[in-house]
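To keep things clear, I will list the structure first and then write my remarks on it.
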């Protein structure tokens, strides 16, 4: 196990670039810039990527999470699954390596806030986090987020912002 307190984005993307088979990201909040970097890594690779996140209007209105990020990810083949009351942050790479900690998959979480990530690459350690991710995926069922849902949410938020401006 290694503890990272600095350069979290650099460390996590260095490991994400090593992915060959699959990536599972569990993070309540997602930002556009981290999503763009992930899409760049996934391009031209046959990697199964799933993200478990919140899908809550309040988070989008407050800009804690980005609908544009989710849209970009879905358009690039990433499966986005919604889970209410999600608080954990786990980053699994090829079921062999993982980061666990306080950092969301956002610019603030990986670059600005005081956060930490623990990195594991021992099979017996990583298996516990793989099991946790599988439990979440099983409990989510069919809460797959689609482009249509994202667009609908964007329209609702735009209407709401329009009303507030009047």
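The values are calculated or read from the model by the stated rules, or taken from the named source; none is laboratory data. Quick caveat, the model's predicted, so the values are computed rather than measured. For neighbour counting, all protein chains shown are included, and Cβ atoms are generated from backbone atoms with ideal geometry for every residue, glycine included.
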Find the residue count for the range 48-71, including only residues that are crowded, with 19+ Cβ neighbours inside 10 Å and in contact with a strand residue (DSSP E or B) (Cβ under 9 Å, 6 or more places away or on another chain). 11
Criterion violated by residue 91 - all others in (1) surrounded by fewer than 16 Cβ atoms within 10 Å (Cβ to Cβ); (2) closer than 27 Å to residue 17 by Cα; (3) modelled with pLDDT of 95 or more satisfied: (1)
Test set (1) in a strand (DSSP E or B); (2) within 21 Å of residue 147 (Cα to Cα) - residue 100 fails condition number: (2)
I need a count of the residues in the range 136-156 that are within 17 Å of the chain's Cα centre (by Cα), part of a helix (DSSP H, G or I) and at pLDDT below 95. 3
Residue 36 is checked against (1) in a helix (DSSP H, G or I); (2) out of contact with any strand residue (DSSP E or B) (no Cβ under 8 Å at 6 or more places or on another chain); (3) touching a residue at least 60 places away in the same chain (Cβ under 8 Å) and fails just one. What number does that condition carry? (3)
Within the range 61-91, which residues are under 16 Å from residue 146 (Cβ atoms), touching a helix residue (DSSP H, G or I) at 6+ places or on another chain (Cβ under 8 Å) and either without any contact (Cβ under 8 Å) to a residue 24 or more places away in the chain or not in a loop (DSSP other than H, G, I, E, B) (or both)? 67, 68, 69, 70, 71, 72, 73, 74, 75, 80, 81, 82
If residue 108 satisfies every condition in (1) modelled with pLDDT under 95; (2) part of a helix (DSSP H, G or I); (3) within 21 Å of residue 60 (Cβ to Cβ) but one, which is the exception? (1)
